[in-house]
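> After the structure tokens below, expect a handful of questions from me.
The values are calculated or read from the model by the stated rules, or taken from the named source; none is laboratory data. As the structure is a prediction and not an experimental result, all values here were calculated from the model. All Cβ positions, even for glycine, are placed from backbone atoms using ideal geometry, and neighbour counts span all protein chains on display.
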Amino acid sequence: MAGAVNRLMAVVALLIAGALPRASAQQRPNIVLIYTDDLGYGDLSSYGATALNTPNIDRLAKEGLRFTDGHAAAATCTPSRYALMTGEYAWRRPGTGVLPGDAALIIDPDRTTLASLLRNAGYATGIVGKWHLGLGSKGGPDWNHDVAPGPNEIGFDYSFIMPATGDRVPTVYVENRRVVGLDPADPIRVSYDEPLGGPTGSANPDLLKLRPSHGHDQTIVNGISRIGYMTGGRAALWKDEDMALVFTGKATAFIEQHRDQPFFLYFAPHDPHVPRVPNPRFAGRTTLGPRGDVIVQADWSVGELLTTLDRLKLTNNTLLIFTSDNGPVIDDGYRDEAVEKLGAHRPAGPFRGGKYSNFEAGTRVPLIVRWPGHVKPGSSSDALVAHIDFVASFAQLTGRRLPGGEAPDSEKLLSVLLGRSKQGRDSFVEQGSGLSLRQGRWKYIEPSARPRLNAQTNTELGNDTAAQLYDLAADPGEHANVAAKYPDRVKAMETLLRRVKERSRPGRYASPRLAAIHSLSSFRKLRSGV
Ligand SMILES: [Ca+2]
């Protein structure tokens, strides 16, 4: 009761201050965005999987709206998350590809982000989980002092993050700019160029409990070799088996702490990205090996958040979105039985390709929206929507106006996200190995001389030197290229894609500071070959 009164008082105070001219308490729900890592369209029982059960995520589908044409902006982590945060296609910005673990921040702190938008709207904002958008200014972060700029500088009041990925050093958590548990007498050193001493996967395979299948053979931490070299920080190193529990605990604590005010929680679990190392309580829970076990672990994390919302009586006033940052991959660098135990499970569902690919499974991901009383329970939508639209849609939700030029590729689709309209995007550019354009039932993949197959992950990348056109209504698996049959359609979509590319806004964010950050991260990317 006291909580409800406090919340009402806070809203009244904001209304008096004129910050929210048309908003009411009901229009300003808490927002929880759950952003899993490499989870495929077909990996949930609510999206057709039968090899495993995801009852907590399925509960969201039963109580909310399930999208069948929802998309990440890109088929890999960094560009997908960049577009989510900024509302701008990542391919417009050099240096936004998959980043090494010591890259500088790639988002200009001066621009509007999903987090700063909501903070300016009066929300308490927090991120728990994977970041992978770079940290520090030019030259990368100083791991032994303030690790900044980072999430706290682009709009998050609170941050508890994994800097890059589970398979990249440094393997430490950073909470509000500081490495957690760091002993100053044992400073962290990180390099993506030269070995720093200490055992590596290539030199000391006998020390490994999980062996790499390709790459991932540099510094060993917790019996697992990673990408990149690291020494020091021994007291701060994470234990992979505990990561889901740690993140989930921090996420539920954030909810608990902010129960009396509008909050935005961006919860970005590591699962089911590699290395897949389930907590013992989830090991062996599926027949799919560790990849299946960590999906069940992610489902448990979701369940913990749902239980917390229920217990605090916040469920009805919380808009919850569940999704994934890109499509699935089976062998992503470790011998973790994912290939051997896959059986009949289809992580990509009916779609072709996966993580890294131009084909639909690269970006088409599970997307569920729940907001009791506002979103019809058990409903579904085939509208074309994308994570890149969250910035503009959350601006609608909170009655904020986006300054001109901000979130340039984000569309106001709140009514679509809430299931009140099925008029989604007219078109959408998917970023896989190259670029593709979606428009209605059609998908155009621009010609490319890039490889057709990622042999290491066995992913069909969808590249071809000829233009490809697919009719997804008749052929969701993209097997029949009908470009020769519909030359006018190909020409029109090629032209539209070119126009979208030309629509970029040169200069607006190209401050000398950001230009320096960009050029540095591109340079590092080239050097480290990621
Ligand atoms: Ca990912």
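> For I16, which of the numbered conditions (1) under 30 Å from E406 (Cβ atoms); (2) modelled with pLDDT of 95 or more; (3) surrounded by fewer than 21 Cβ atoms within 10 Å (Cβ to Cβ); (4) among the β-branched types (V, I, T) fails to hold?
Unmet condition: (2).
> Just a yes or no: is a residue in the range 377-392 touching a residue at least 60 places away in the same chain (Cβ under 8 Å), of a type in the set (F, W, Y) and under 13 Å from L84 (Cβ atoms)?
Looking through the range 377-392, at least one residue is touching a residue at least 60 places away in the same chain (Cβ under 8 Å), of a type in the set (F, W, Y) and under 13 Å from L84 (Cβ atoms).
> I want to confirm something. Restricting to the range 71-99 and keeping residues that are surrounded by fewer than 23 Cβ atoms within 10 Å (Cβ to Cβ) and hydrophobic (A, V, I, L, M, F, W, C), which single residue is farthest from L402 (Cα to Cα)?
Filtering the range 71-99 for residues that are surrounded by fewer than 23 Cβ atoms within 10 Å (Cβ to Cβ) and hydrophobic (A, V, I, L, M, F, W, C), the one farthest from L402 (Cα to Cα) comes out as V98.
> Under the condition of being in contact with a helix residue (DSSP H, G or I) (Cβ under 7 Å, 6 or more places away or on another chain) and outside any helix (DSSP H, G or I), which residue from the range 72-82 is farthest from the ligand (Cβ to nearest atom)?
A73
> Can you tell me which residue among T165, T112 is over 28 Å from Q261 (Cα atoms) and of a type in the set (S, T, N, Q)?
T165
> Here is a further query. Need pairs with beta-carbon distance below 7 Å; first residue farther than 21 Å from P100 by Cβ and within the range 175-197, second loosely packed, with under 15 Cβ neighbours inside 10 Å; sequence gap 6+ or separate chains.
Between residues of the range 175-197 that are farther than 21 Å from P100 by Cβ and residues that are loosely packed, with under 15 Cβ neighbours inside 10 Å, the close pairs are G181/A235; D183/A235; D186/R234; D186/A235.
> Related question: For the range 291-314, name all the residues that are within 16 Å of the ligand (Cβ to nearest atom), among the β-branched types (V, I, T) and in contact with a Lys or Arg (Cβ under 8 Å, 6 or more places away or on another chain).
V294
> Continuing with the same structure: (1) among the hydrophobic types (A, V, I, L, M, F, W, C); (2) more than 10 Å from the chain's Cα centre (by Cα); (3) away from the ligand (no atom under 12 Å from the Cβ): which one isn't true of M85, the others all being true?
Only one criterion is unmet by M85, namely (2).
> A further question on this structure: For the range 268-290, give me the residue count where each residue is in contact with a Phe, Trp or Tyr (Cβ under 8 Å, 6 or more places away or on another chain) and within 15 Å of the ligand (Cβ to nearest atom).
6
> If you don't mind, another one. In the range 210-268, what residues are β-branched (V, I, T), part of a strand (DSSP E or B) and in contact (Cβ under 8 Å) with a residue 24 or more places away in the chain?
T219, V221, I224, I227, T231
> Right, here's the next one. Residue under question is A361, and the condition is that it be surrounded by 23 or more Cβ atoms within 10 Å (Cβ to Cβ) and either under 24 Å from A90 (Cβ atoms) or outside the structural domain of Q456 (by TED's automatic domain parsing) (or both); does it hold?
yes
> Inside the range 116-206, counting only strands (runs of 3 or more DSSP E) that do not spill past its ends, which hold 1 or more residues that are under 21 Å from the mean Cα position of the chain (by Cα), charged (D, E, K, R) and in the same structural domain as R400 (by TED's automatic domain parsing)?
Output list reads 124-130.
> Collect the residues in the range 245-254 that are in contact with a Gly (Cβ under 9 Å, 6 or more places away or on another chain) and of a type in the set (A, V, I, L, M, F, W, C), keeping them in residue-number order.
F247, A251, F254
> Now a separate question. From D58, D43, D38, D102, which residue is away from the ligand (no atom under 16 Å from the Cβ), over 25 Å from R503 (Cβ atoms), surrounded by 24 or more Cβ atoms within 10 Å (Cβ to Cβ) and modelled with pLDDT of 95 or more?
Of the residues listed, the single one that is away from the ligand (no atom under 16 Å from the Cβ), over 25 Å from R503 (Cβ atoms), surrounded by 24 or more Cβ atoms within 10 Å (Cβ to Cβ) and modelled with pLDDT of 95 or more is D102.
> Okay, next question. Among R370, R346, which is the only one that is in contact with a strand residue (DSSP E or B) (Cβ under 6 Å, 6 or more places away or on another chain) and either under 26 Å from L414 (Cβ atoms) or more than 16 Å from the ligand (Cβ to nearest atom) (or both)?
None of the other options fit; the residue is R370.
> Could you check the range 315-338 and list, in sequence order, the residues that are of a type outside the set (S, T, Y) and near the ligand (Cβ under 9 Å from one of its atoms)?
Those that are of a type outside the set (S, T, Y) and near the ligand (Cβ under 9 Å from one of its atoms): D325, N326, G327, V329.
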